[in-house]
Amino acid sequence: MKKPNQRFVLLTQNPALAEVCKSAWTADRCHLVELLDTGLLSPLLDRGVDLVALDLSLPAPALENCAAALSRHRELPLLLLGSPAPWHAVSRGNPLEEVLDPPFAVERLQQAAALLLEKSQLLYGRLVGRSEAMQELRERILRLAPTSVTVLLTGESGTGKEEVARALHQLSPRRDRPFKAINCAAIPENLLENELFGHERGAYTDARTQHQGLFEQAEGGTVFLDEIGEMSRAAQVRLLRVLEEREVTRIGGTAAIPVDVRVVAATNRDLQQAMARGEFRRDLYHRLKIAELALPPLRQRREDVALLIEHFVEEFTPQRQTPFAGFTAAALELLGEYDWPGNVRELRNLVEHLVFLGPQGQVEPHHLLPHLERMPPLERPLPVPAPRGTDQTERELIYFALLDLKREVSELRRLVEERLAGPPPPLSRPVYPVEEPEVKPAEPPEAGAAVRSLRDLEEEAIAQALRAAKGNRRQAAQLLGIGVRTLYRKLDEYHLK
């Protein structure tokens, strides 16, 4: 067990099974809750549980109750004790379930629970998120991990491709063998082949000893090739031979050395475009793409942002000498609306900075704005030249937007009044265009009349937009035609929080 005082739940009506489970898990300093009434499982799961052990000899109605409760907690490790046939008849499955056949010995129970908890930590402790995209990614990892199939990981920089590669290795039968990672973009082209495939003594100047490359070093394990789109064409040819023949030839050598490795490659480039430009071999691309896992960018799973922030705060606060006050609701809302071009890596770095160098109190939106690279793009661009100050230009934009809105409301009112007045009388002759009477420009206000300043109009416009958007700052910014960062700055300026 990785940590003590974990909460296990056992559902059984078999006293002998309950006794052996108690002996196994209390010895590992785990708190075991034995349930005879399956109806109590759901409220117990809502309060937090680390593992559920289910006796599959329970009556069918009890198993149905358990399946219904566990369907809402698919992230929980589930240890099935006995024949799985009755369970599979009532359950749609769980990504983290393990079947243990009798006899149920103490050591087997301990090992099975430890393996499940380790899987849970890899999938939920490191790949944080409850979005549908992350749930699907975890289930695909669990399906691919036991195999030796080559996997291609695609996604933007910072989405966690190396974490996924390590999870594929740790959840596979190769978990006790080496995991070797290399960034193909970080090593000069003339050294990359040497690092991957090794060299014989005397292969080139200064090659005084034989050197084993990563594929030989990772024998029986996994090689992770990050940024594979940056690999040279010559290295691509040699890699293709490794994937097809499962053997490697050192630089300066002639002997083909068999290797048993699994290859996981990753890229943030569009390899199809690279193939079209002649930068990436088509045969290698199809050899790598046997199984592809696409990692979603953080802006496509915004519901995970708050969970990731909580996870990183828990990671960093034990190293802080004073308590961390956390984030205000407005700050969390702003972070949820941000597009995160650097994805999870950017969020982690920001939280680390705020934990150690942030304000003494809670983090407010104005503490975040200097660290956010760019905000979500507007629905419609505003290509207005602004030789004057930015604040003055934004005030004028708001003022003109209000004038446009007034004209549209006036036109709408006219159309409604015409509709209420009934249909026009029938015409006995064709109607020709009539020249509109000249509209005289509005006369300037009389001396002494009250003229509202642009600042007052701006404050009123922002307040109206917030009311129209029901407090949603992102929508309010879009209604006003300004950026979200600008809106937050104005909220501070006018004390509209």
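The values are calculated or read from the model by the stated rules, or taken from the named source; none is laboratory data. Computed from a predicted model, the values in this text were never measured in an experiment. In this analysis, Cβ positions are derived from the backbone assuming ideal geometry, glycine residues included, and neighbour counts consider all displayed protein chains.
Considered as a group, the residues in segment 471-497 that are of a type in the set (S, T, N, Q) and within 26 Å of the chain's Cα centre (by Cα) include one that is modelled with the highest pLDDT, and that residue is Asn472. Of the residues that make up segment 137-158, is at least one surrounded by fewer than 17 Cβ atoms within 10 Å (Cβ to Cβ), in the same structural domain as Thr26 (by TED's automatic domain parsing) and among the small types (Gly, Ala, Ser)? The answer is no; no qualifying residue exists. Of the residues making up segment 221-273, those that are in contact (Cβ under 8 Å) with a residue 40 or more places away in the chain, of a type in the set (Asp, Glu) and under 17 Å from Ala294 (Cβ atoms) number 2. Taking segment 1-40 as the range and being small (Gly, Ala, Ser), surrounded by fewer than 17 Cβ atoms within 10 Å (Cβ to Cβ) and in contact (Cβ under 8 Å) with a residue 40 or more places away in the chain as the test, the residues that pass are Ser23, Ala27. All of Ala18, Ala53, Ala60, Ala27 fail the test of being assigned by TED's automatic domain parsing to the domain that holds Glu98 and within 36 Å of the chain's Cα centre (by Cα), apart from Ala53. Beta carbons closer than 6 Å, at least 6 apart along the sequence or on distinct chains, pair a first residue in segment 310-329 that is surrounded by 12 or more Cβ atoms within 10 Å (Cβ to Cβ) with a second that is among the small types (Gly, Ala, Ser) for Ala325/Gly361. Of the residues in segment 196-204, none is farther than 29 Å from Leu54 by Cβ, free of Cβ contacts under 8 Å to residues at least 12 places away in the same chain and acidic (Asp, Glu). Just the residues that are among the acidic types (Asp, Glu) and surrounded by fewer than 16 Cβ atoms within 10 Å (Cβ to Cβ), please, taken from segment 261-282. Result: Asp270, single match. Under the condition of being in a loop (DSSP other than H, G, I, E, B), exposed (fewer than 13 other Cβ atoms within 10 Å of the Cβ) and not hydrophobic (A, V, I, L, M, F, W, C), the residues counted in segment 222-260 number 1. Name the residue that is nearest to Ala114 (Cα to Cα), counting only residues in segment 41-63 that are buried (at least 17 other Cβ atoms within 10 Å of the Cβ) and of a type in the set (D, E, K, R). Here the residue is Asp50.
Could you count how many residues in segment 164-221 are surrounded by 14 or more Cβ atoms within 10 Å (Cβ to Cβ) and either aliphatic (A, V, I, L, M) or in contact with a Leu (Cβ under 7 Å, 6 or more places away or on another chain) (or both)? Residues flagged as surrounded by 14 or more Cβ atoms within 10 Å (Cβ to Cβ) and either aliphatic (A, V, I, L, M) or in contact with a Leu (Cβ under 7 Å, 6 or more places away or on another chain) (or both) within segment 164-221 amount to 21.
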